[in-house]
Amino acid sequence: MTAAPINVSAALASFDEPYSPRIVARMNDYEVRVAHTKGEHVWHVHEDTDEFFLVLDGQFDVAIRDANGSQTTVTLRQGDMFVVPKGTEHKPSSPGASILMFEPSGTSTTGDRHEGPIPAHVDSTTGHELDQHGRRPGESPPGYLPASCTRSSATHSALPQVRPEPRRDRPHRQAGRKRASQAQYASSSAMPPGPGTETTGRIPPPGNASHSRGLSVAGSSGTLPMTYCPPFLKL
Ligand code: NI
């Protein structure tokens, strides 16, 4: 089990093929799948299960045909959902869309039976596994969780590694503040060194070039963590 969320947009961005659904979630004996759609599918029927569609983007049409051969086409746009009842012959088509489906595990995209040859652009499958987080290895979709904030060492190692600048020759931020504070005291003859000097033991002794330099740049630099992750994103 993974404790990480699945981002549907990232999942869709991880592949391009139309009518080739990716499994994004499982619950009980059902699956949530997402797919791109474009062009004509094939007439087919799922004898034992209803099939749920939700259009995430674009337009998706479902032609349905009853036992008498009477045909109707249902046009679905973003936000529309539709259920094809089990045993109903149907043929999806689309000028271009992204859809989410909900159906029992093992359900074939071309049904228990279909009419005529399966077009080359239609993948007859029971769904494909999704890459981790919906990404191709090493990819990080815009706006998605920073890869270095994830716990997966595999994912982390696949991404560019950023090394922190060495602390040598760079002032310690906290020390810099203390030294600046001391400088203020030193410049004011009316104010003798106060309690603040009690912490000077934490500052390396004079003569350390890096900390002497820190006086002039106090607060302007300092060593940042290798990667900044907002606390609420840390897993
Ligand atoms: Ni179907």
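Any read-out appearing in this document is the output of simple, stated calculations on the displayed coordinates, not a laboratory observation. Since the model is a prediction, treat every value here as computed from it, not as a measurement. Here Cβ is always computed from backbone atoms with ideal geometry, including for glycine, and neighbour counts include all displayed protein chains.
Quick one: Debye curve from the C-alpha atoms of region 1-52, no solvent, what's log10 I(q)/I(0) at q = 0.13, 0.16, 0.29, 0.31 Å⁻¹?
So the normalised log intensities work out to -0.42, -0.61, -1.24, -1.28.
Check Gly87: other-chain or 5+ apart residues with amide H under 5 Å from its amide H, H built from backbone geometry?
His46, Glu47, Asp48, Thr49
Across region 96-110, in residue order, what do the Karplus-derived ³J(HN,Hα) couplings come to in whole Hz, using 6.51 cos²θ - 1.76 cosθ + 1.60 with θ = phi - 60° and x for Gly and Pro?
Karplus-based 3J(HN,Hα) across region 96-110 equals x, 6, 10, 10, 10, 10, 9, 7, x, 4, x, 5, 7, 5, 10 Hz.
With label points built 7 Å along Cα→Cβ from the Cα atoms of Asp50 and His121, find their separation and express it in nm.
3.0
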